[in-house]
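Engineer: Would you mind keeping the following structure in view while I ask a few things?
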Amino acid sequence: MCGIFGLFPGKTPPSHWTIPRLARCVELLRHRGPDAQALRIFLENGSSEFLDLQQTSAHALQHSRENNSISGLQVALGHTRLSIIDRSNSANQPMAFHQGGYWLVFNGEIYNFQALRAQCEQQGLNFITSSDSEVLLGLYHLYGPTMVQQLNGMFAFAIWDRPKNKLFLARDRFGIKPMYIRRFDDGGLAFASELKSLMALDNHPPQLDYTALWDYFTFQNVLDERTWVTDIQCFPPGKTAHYRLETGELTYSTYWSPNFQVSPEFLTADYSQPSSQITPSETTLSEYRDLFQEAVTRQLVGEVPMGSLLSGGMDTGAITQAAVISLPGMPTFTAGFDTRGASGVEALFDERPEAAMLASQLKTRHAEIEINAEALSTLMPTVMWSLDDPRVGISYQNLLINQRARQDVTVLLSGVGGDELFAGYPWRYQWLMQPEAAELDSLSLTKKYYQHWTRLLSDQDKQQFFSARFCQELGNPSDQQELTWQRFQAKFVNTESDLQTHPLHRALSFDIQTFLHGLLIVEDRLSMAVGLETRVPFLDHNWVDRVMTLPASWRITQDGQSKWVLKQIFSTLLPPEVLNRRKQGFTPPEAHWFRHQSKPYLKSILDTDRFFDRQLVTREGFTRTWDAHMADESGTGQRFLLWSMLCLEWWHRLFVDDRNWADPRFPY
């Protein structure tokens, strides 16, 4: 796992793009790749210069070079490496291939690289390293852009085709690995694994994208390629792109999108009946058990210590059960919460007893931590520095468990993805299995799901919540409201064939493209913040291609049994008490903590002149949110909205107010 950076300067690069500046952009990704950091600069005269940033920091460069300017800059490629496969220096990047004709910077893992390597060797290619990175270059040499169709893995990479003077960019199907793009008025382009690396190219603070913020405070997510920064876009999952240096033209192509198409062998299943009346054959269940075992085993490739998250639930339990076959006694990790005083559903948020029981049965080396309310105030600056592109959920707990896991392992298996493939949120999906949902026309179904996904503020509430200045910067809020709806609708109905798809499968396709993508951004950021690689076996390509052929009624029943078929698949692997546990997310009891232990901290950050002087949120909007949460003594209240305001304030403090944030010595 790594961090990548690239700059193609365009026709009129600014004078402040010096070697120390570009080195700083790479240094800001050091946490993603603590084992090696490098920058290679290519000049228009055909020469190049290599800088080993592991030996010479960006700060030292600033004071050691007599001439920091770059005359005739053509391309700059930077890389920070977390060594996992072929840990030798020969596998460091930027990596050359075909006598320097191709140059690669790559973040991720290709799980089927050994088979692909053998395929390339059969066609006459020779490899110097045993890395998956070099295999990507070999595949590009043989197949060009179509090579992505052969990859099973998580990836964001760029290949500079030097003879053709063009750049090839690719991101994995689901967006497990991040990549961001920045365009310049003169046709130039830059890309990086994180926003902060691209923001550091400037001498001025980032400009807030009000449309992205409007989306975020609707869905706690951003639906399209926008980020919170106006001129930085998120490279879309499942796409490739070509960038031509001469013209500055960037052209995208889609190579994968979610496609739930029920296999003919399952079409006899009566969709109108509860799943209890449909029994998959033992042959079918055995086939899927084998597929899942292969998926987990495939993701155990590497030369570093590996472990797994273990919540006590079915998803991480099944992953761990499959992994211990290859890694008996592997480390497992659980985070629990101090739930004293919490009520309702939050009183059940501590999963440590269930996880410990399962760890004992699986004979893992189990470790657990307890998280209390004080962690929020301690971690919030680090969390927001690491995220820099805020997305779904409350997430500081992710950083804490990753910090603990990193003490023992370099790779951590995670259960992300199972819920989006198997309808794991019954409160979100059960109504889609009722006859009334099937009778809704496309527009009505989309509108109802839009209302469901209005996670933070309704369109009417936003106009009262945001300040007059915010609405002025945004434009007409009514127009923006319509555009938000149009973006939602475009994701929910991608093709005409979707109109014939089961309502549940349309919803799952939407969630894979939006909610899951947001979860994966958070997962990546808060693991790579500590140099930890997380892998997600539920998103293995071979496994996904097969489970997308299952009937909707096997995912969730009319009476709300979520992940029904997955429980049948794992019935011989896990005990009934694990399979039948109620669905529970990995989240702290923040509704209770915000009303009690964390209340003074939230008040000190949000109910302040500093927050309101930004002219984004009105005092009235904050007060209504605050009062509503405090009055909801037994419910979950406005915890997500309060968290999102906290993210907004800390994002501004770190990236707008403090202009020293881009210094490599910044104590994040």
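The values are calculated or read from the model by the stated rules, or taken from the named source; none is laboratory data. Small disclaimer: the values here were computed from a predicted structure and weren't measured. Positions of Cβ are generated from backbone atoms using ideal geometry, with glycine treated the same way; all protein chains shown enter the neighbour counts.
Engineer: It is to be established whether one or more residues within region 539-557 are touching a residue at least 60 places away in the same chain (Cβ under 8 Å), of a type in the set (Phe, Trp, Tyr) and outside the structural domain of Met306 (by TED's automatic domain parsing).
Structural biologist: No, because not a single residue in region 539-557 is touching a residue at least 60 places away in the same chain (Cβ under 8 Å), of a type in the set (Phe, Trp, Tyr) and outside the structural domain of Met306 (by TED's automatic domain parsing).
Engineer: Continuing with this model, one more query. Exactly one of these conditions fails for Ala295: (1) out of contact with any Asp or Glu (no Cβ under 8 Å at 6 or more places or on another chain); (2) crowded, with 20+ Cβ neighbours inside 10 Å; (3) not basic (Lys, Arg). Give me its number.
Structural biologist: In the conditions (1) out of contact with any Asp or Glu (no Cβ under 8 Å at 6 or more places or on another chain); (2) crowded, with 20+ Cβ neighbours inside 10 Å; (3) not basic (Lys, Arg), Ala295 misses (1) alone.
Engineer: If you don't mind, another one. Could you check, for region 8-21, whether at least one of its residues is under 23 Å from the mean Cα position of the chain (by Cα) and among the hydrophobic types (A, V, I, L, M, F, W, C)?
Structural biologist: Checking region 8-21: not a single residue is under 23 Å from the mean Cα position of the chain (by Cα) and among the hydrophobic types (A, V, I, L, M, F, W, C).
Engineer: Just to verify a result, which residue in region 75-98, among those that are farther than 18 Å from Phe168 by Cα and part of a loop (DSSP other than H, G, I, E, B), is farthest from the chain's Cα centre (by Cα)?
Structural biologist: Applying the filter and picking the extreme gives Ser88.
Engineer: Let me ask something else. Is it true that some residue in region 238-245 is surrounded by fewer than 22 Cβ atoms within 10 Å (Cβ to Cβ), under 22 Å from Met645 (Cα atoms) and in contact with a strand residue (DSSP E or B) (Cβ under 9 Å, 6 or more places away or on another chain)?
Structural biologist: No, every residue in region 238-245 fails to be surrounded by fewer than 22 Cβ atoms within 10 Å (Cβ to Cβ), under 22 Å from Met645 (Cα atoms) and in contact with a strand residue (DSSP E or B) (Cβ under 9 Å, 6 or more places away or on another chain).
Engineer: Which condition breaks for Asn580 when tested against (1) exposed (fewer than 13 other Cβ atoms within 10 Å of the Cβ); (2) touching a residue at least 40 places away in the same chain (Cβ under 8 Å)?
Structural biologist: Of everything listed in (1) exposed (fewer than 13 other Cβ atoms within 10 Å of the Cβ); (2) touching a residue at least 40 places away in the same chain (Cβ under 8 Å), Asn580 misses just condition (2).
Engineer: For Val656, are the conditions met, namely being surrounded by 13 or more Cβ atoms within 10 Å (Cβ to Cβ), at pLDDT below 95, out of contact with any Lys or Arg (no Cβ under 6 Å at 6 or more places or on another chain) and over 23 Å from Glu523 (Cβ atoms)? Reasoning before the result, please.
Structural biologist: Details: surrounded by 13 or more Cβ atoms within 10 Å (Cβ to Cβ): yes; at pLDDT below 95: yes; out of contact with any Lys or Arg (no Cβ under 6 Å at 6 or more places or on another chain): yes; over 23 Å from Glu523 (Cβ atoms): yes.
Against the criterion (surrounded by 13 or more Cβ atoms within 10 Å (Cβ to Cβ), at pLDDT below 95, out of contact with any Lys or Arg (no Cβ under 6 Å at 6 or more places or on another chain) and over 23 Å from Glu523 (Cβ atoms)), Val656 qualifies.
Engineer: While we're looking at this one, here's another question. With the requirement that a residue be part of a helix (DSSP H, G or I) and at pLDDT 90 or above, what does region 452-463 give you? Before you say what the answer is, go through the steps one by one.
Structural biologist: As a first pass, look at region 452-463 and keep what is part of a helix (DSSP H, G or I): 452, 459-463.
His452, Asp461, Lys462 - these are the residues of region 452-463 that are part of a helix (DSSP H, G or I) and at pLDDT 90 or above.
Engineer: So for region 309-325 (the condition being modelled with pLDDT under 95 and at negative phi), does at least one residue qualify?
Structural biologist: So far as region 309-325 goes, yes, one or more of its residues are modelled with pLDDT under 95 and at negative phi.
Engineer: With (1) polar (S, T, N, Q); (2) closer than 24 Å to Gly302 by Cβ; (3) modelled with pLDDT under 90 as the list, and Gln37 as the residue in question, which single condition is left unmet?
Structural biologist: Gln37 satisfies every listed condition except (3).
Engineer: Please work out which one of (1) modelled with pLDDT of 95 or more; (2) within 18 Å of Met384 (Cα to Cα); (3) not hydrophobic (A, V, I, L, M, F, W, C) is the condition Pro205 fails and give its number.
Structural biologist: (1)
Engineer: Further, regarding this structure: In region 315-346, what residues are touching a Gly at 6+ places or on another chain (Cβ under 8 Å), surrounded by fewer than 22 Cβ atoms within 10 Å (Cβ to Cβ) and part of a helix (DSSP H, G or I)?
Structural biologist: Within region 315-346, just Gly344 meets the criteria.
Engineer: Please work out if Thr284 is modelled with pLDDT under 95 and either of a type in the set (S, T, N, Q) or buried (at least 17 other Cβ atoms within 10 Å of the Cβ) (or both).
Structural biologist: yes
Engineer: Suppose we filter Gly144, Gly175 for residues that are small (Gly, Ala, Ser) and within 22 Å of Gly248 (Cα to Cα); which single one remains?
Structural biologist: Residue meeting the stated conditions: Gly144.
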